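Comments concern the structure below.
The values are calculated or read from the model by the stated rules, or taken from the named source; none is laboratory data. Quick caveat, the model's predicted, so the values are computed rather than measured. Positions of Cβ are generated from backbone atoms using ideal geometry, with glycine treated the same way; all protein chains shown enter the neighbour counts.
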Amino acid sequence: MIKKLLLPLFTVFLLGCTDQTALIFQDEPGGSITNFEDNIHGTYASTYRPLESENIVIRNATVFDGNGNKFQNFDVHFSNGKIQAIGLRLVTDGAKEIDGTGKYVTPGIIDNHSHMGVYPAPSVRTSSDGNEATNPVTSEVWAEHSVWTQDPQYKLALAGGITTFHVLPGSANLFGGRGVTLKNVSANTVPEMKFPNAPHSLKMACGENPKRVYSSSGPSTRMGNVAGYRNAWIGAENYKEQLERDPSHRDIRNETLAGVLDGEILVHNHCYRADEMATMINIGEEFGYKVSTFHHGVEAYKIADLLADEGICAALWADWWGFKHEAYDMSIANIAIVDQARGGTGCAIVHSDDESGIQRLNQEAAKALAAGRRAGFEISEGRAMTWITKNPAKSLGILDQTGTLDMGKDADVVIWSGNPFSVYTKAEQVYIDGALAFDKATNFMPHTDFDLGVKEWEDK
């Protein structure tokens, strides 16, 4: 009986730190590195295949489109895995109708800073696979090669409206390795979860973490950190020159760094202090790359205009700080200040970095919105919704595919019981590529082999 129940549930779930161009900052890619990256992505390519999408129209709902707009009594139509239209009294052919009266509809929520899969919960030492803390520079490691596909956190995040998440290595190292963007679907292998055509990322870390972890062997100071970054980038430049002489030469540590220099890989930088973020921007200028996103950024408000000028996003907590020295100087309006910089051209993101926070990113955005309004900023709910939809998609290089309810984008859609900025609101249904992945009313959600033997499911 258990097998009969679990198999359809498992199958259904298989489905399911300028907007896009601002992230590919570098010069035209060099041939050799590009060839390596193409081969790599071919070998470790996404094999994600969504279930067949339903043909659905949600009627008469309040809709946040992810572009900053809020529409009353709107319809949302999706089929063939894509958003077809949003508007008033849409004419659809044969679509299943869902009454959205009193409900809210948003794009799927995106967390651009997660450690799900590499730090599973419940946590045990043997499954702690997020930090390769063996050298200050471990750019050769990839988070996707640590991701456990049966982490119980996935379905809990799904119940919070999370349809896409970005898994990063930890922050023990100057260069922690590659991150990966995943669809929140159940699968046996990581490639089955990989977001199609999403670029790889490189995790870097500033400040206390690397100089604490490597204090006995170096770096032990912030200036030592900076010297370590620069030496590594010089090594990557030398590697690129070597490739011109010998195109077959392989060095997986430098391949990742050279991939950044050629614009193939996006930099996501753990960094708390304003001065250090400015220094990292300078290092990027020296070596010809730009940071996509600063993560945690407790002092981002101090350089909000600089971040806006540079086109750099900041992935931030709503109200968590003070847990270590470099995280003391926080403003509760941090997210709002970053968002409103340079006439509202800033790129603010609400992230989790936490197994429980990822389950309520909508509430975290609500806290940041309230703090911004108390600080005197006139920020709409529609604008705040971009902090957990459009902007994280932009930071991950996938805005052309998801993050808003624009026609032709993936039908990653959440139906909420009420205003998603209310603590009383729950996600009622979650669709990934137009296929139902979660239904609160029927307790429909994915279950994996890890759930076998749990009495709750034996009795179903």
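Run down Gly343, Gly376, Gly397 and say which single residue is in a helix (DSSP H, G or I), assigned by TED's automatic domain parsing to the domain that holds Gly117, out of contact with any His (no Cβ under 7 Å at 6 or more places or on another chain) and not polar (S, T, N, Q).
Values: Gly376 fails: in a helix (DSSP H, G or I); Gly397 fails: in a helix (DSSP H, G or I).
Criteria check complete, one pass: Gly343.
Conditions (1) among the hydrophobic types (A, V, I, L, M, F, W, C); (2) in contact with an Asp or Glu (Cβ under 6 Å, 6 or more places away or on another chain); (3) closer than 16 Å to Ala157 by Cβ, marked per residue:
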site	(1), (2), (3)
Ala370	yes, no, no
Met385	yes, no, no
Ile415	yes, yes, no
Pro420	no, no, yes
Ala441	yes, no, no
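Could you grab me the full set of residues in the stretch 162-172 that are part of a loop (DSSP other than H, G, I, E, B), crowded, with 22+ Cβ neighbours inside 10 Å and in contact with an Asp or Glu (Cβ under 9 Å, 6 or more places away or on another chain)? Reasoning before the result, please.
Initial filter on the stretch 162-172 (part of a loop (DSSP other than H, G, I, E, B)): 168-172.
If we keep only those that are crowded, with 22+ Cβ neighbours inside 10 Å too, we end up with 168-171.
Scanning the stretch 162-172 gives Leu168, Pro169, Gly170.
Sort out which residues of the stretch 45-62 are surrounded by fewer than 19 Cβ atoms within 10 Å (Cβ to Cβ) and not basic (Lys, Arg), and write them in order of number.
Scanning the stretch 45-62 gives Ala45, Thr47, Glu52, Glu54, Asn55, Asn60.
So which residues in the stretch 121-144 are in a helix (DSSP H, G or I) and modelled with pLDDT of 95 or more, if there are any at all?
Here is the first cut: in the stretch 121-144, the ones in a helix (DSSP H, G or I) are 125-127, 143-144.
Result: Ala143, Glu144.
Are there any pairs, at least 6 apart or on different chains, whose C-beta atoms fall under 6 Å, with the first in the stretch 173-194 and in a loop (DSSP other than H, G, I, E, B) and the second of a type in the set (D, E, K, R) and surrounded by fewer than 24 Cβ atoms within 10 Å (Cβ to Cβ), and if so, which?
From the stretch 173-194, no pairs qualify.
Considering only the stretch 446-459, I want to know if a residue exists there that is touching an Asp or Glu at 6+ places or on another chain (Cβ under 8 Å) and modelled with pLDDT of 95 or more.
No, that holds for no residue.
So which of Met330, Met280 ends up being aliphatic (A, V, I, L, M) and either touching a strand residue (DSSP E or B) at 6+ places or on another chain (Cβ under 9 Å) or not assigned by TED's automatic domain parsing to the domain that holds Glu237 (or both)? Steps first, please.
Details: Met330 fails: either touching a strand residue (DSSP E or B) at 6+ places or on another chain (Cβ under 9 Å) or not assigned by TED's automatic domain parsing to the domain that holds Glu237 (or both).
Unique residue meeting the criteria: Met280.
Which condition number does Asp319 fail, the rest of (1) within 21 Å of Tyr229 (Cα to Cα); (2) outside any helix (DSSP H, G or I); (3) touching a helix residue (DSSP H, G or I) at 6+ places or on another chain (Cβ under 7 Å) being met?
Asp319 satisfies all of (1) within 21 Å of Tyr229 (Cα to Cα); (2) outside any helix (DSSP H, G or I); (3) touching a helix residue (DSSP H, G or I) at 6+ places or on another chain (Cβ under 7 Å) except (1).
What helices (runs of 4 or more DSSP H) completely inside the stretch 223-312 contain at least 3 residues that are under 14 Å from Leu174 (Cα atoms)? Give the derivation first.
Values: elements: 252-261, 274-287, 304-310.
Helices (runs of 4 or more DSSP H) meeting the threshold: 252-261, 274-287.
Out of all the residues in the stretch 80-101, is one or more outside any loop (DSSP other than H, G, I, E, B), farther than 30 Å from Leu202 by Cβ, among the small types (Gly, Ala, Ser) and more than 22 Å from the chain's Cα centre (by Cα)? Reasoning before the result, please.
First, pick out the residues of the stretch 80-101 that are outside any loop (DSSP other than H, G, I, E, B): 82-87, 96-99.
Retained after the next criterion (residues that are farther than 30 Å from Leu202 by Cβ): 82-87, 96-99.
Restricting the remaining residues to those that are among the small types (Gly, Ala, Ser) gives 85, 87.
Within this subset, residues satisfying the condition of being more than 22 Å from the chain's Cα centre (by Cα) are 85, 87.
Checked the stretch 80-101: at least one residue is outside any loop (DSSP other than H, G, I, E, B), farther than 30 Å from Leu202 by Cβ, among the small types (Gly, Ala, Ser) and more than 22 Å from the chain's Cα centre (by Cα).
Residue-by-condition table, conditions (1) at pLDDT 95 or above; (2) assigned to a helix (DSSP H, G or I):
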{"site": "Leu15", "(1), (2)": "no, no"}
{"site": "Thr18", "(1), (2)": "no, no"}
{"site": "Asp27", "(1), (2)": "no, no"}
{"site": "Asn35", "(1), (2)": "no, yes"}
{"site": "Asn39", "(1), (2)": "no, yes"}
{"site": "Gly42", "(1), (2)": "no, yes"}
{"site": "Ile58", "(1), (2)": "yes, no"}
{"site": "Phe74", "(1), (2)": "yes, no"}
{"site": "Phe78", "(1), (2)": "yes, no"}
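Just one of Ala411, Ala437, Ala427 is touching a Gly at 6+ places or on another chain (Cβ under 6 Å), under 18 Å from Ala384 (Cα atoms) and among the aliphatic types (A, V, I, L, M); which is it?
Values: Ala411 fails: under 18 Å from Ala384 (Cα atoms); Ala437 fails: under 18 Å from Ala384 (Cα atoms).
None of the other options fit; the residue is Ala427.
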